[in-house]
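Peer 1: One structure, pasted below without further comment.
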Amino acid sequence: PQGLPQDRPGDGFDALASEKAEIASSLVTEFRRHLKTCSKLPASVAPTDRVMIKLRVLMTPEGRLGAEPVVAEGSASLKALDLGQSAIDALQACQPYTMLPADRYGEWKVLDLSFTPQDFAGG
């Protein structure tokens, strides 16, 4: 439409609504290692199954879940649903996540976490 400002490269007009967290890989590794201690591969899923689920996780500044994690994407199968529920159970059981630095909360208050069978104990 006429009269509206035109988008110019670099002006941020069409920027993504939320940018991905840029947490240091060592923190992510520590987070995942801790999470694996609380996780259990569902009986319906074999370690070799090619399924994936991605959960969007909202965190509080104290390193706890701020809301029930929601499925962002994943394989279209019952096994993926089982994997997702097991991941949610592990996320709830492993709280709080004290390895996440409070001074960088803006970077990890929303996390998109992908899970495959290999991310679970027994996987």
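Peer 1: Cβ neighbours within 10 Å, averaged per peptide: list 27-34, 110-117 in order, most packed at the top.
Peer 2: In descending order of packing, they fall as 110-117, 27-34.
Peer 1: Using a 1.4 Å probe on the protein chains only, how many percent of the accessible area of the range 72-123 belongs to carbon and sulfur?
Peer 2: Ligands and nucleic acids excluded, carbon and sulfur give 52 percent.
Peer 1: What is the local net charge at C38, summed over the other residues whose Cβ is closer than 13 Å to its Cβ (Lys, Arg +1; Asp, Glu -1)?
Peer 2: +2
Peer 1: Run the numbers for S25 and V70: contour at 0.36 nm per residue of separation, minus the present Cα-Cα distance, in nm.
Peer 2: Taking 0.36 nm per residue and subtracting the Cα distance, the gain is 13.9 nm.
Peer 1: Let me ask something else. In vacuum, with every alpha carbon of the range 73-123 counted as one equal point scatterer, what does the Debye formula give for log10 I(q)/I(0) at q = 0.15, 0.27, 0.32 Å⁻¹? Two decimals, please.
Peer 2: With no solvent term, the Cα-only Debye profile gives -0.52, -1.13, -1.29.
The values are calculated or read from the model by the stated rules, or taken from the named source; none is laboratory data. Just so you know, these numbers come straight off a predicted model, no measurement behind them. Glycine gets a Cβ as well: all are built from the backbone with ideal geometry, and neighbour counts include every protein chain shown. Accessible surface is based on the protein model in full, side chains and every heavy atom, while ligands, DNA and RNA are left aside. Shrake-Rupley method; radii C 1.70, N 1.55, O 1.52, S 1.80 Å.
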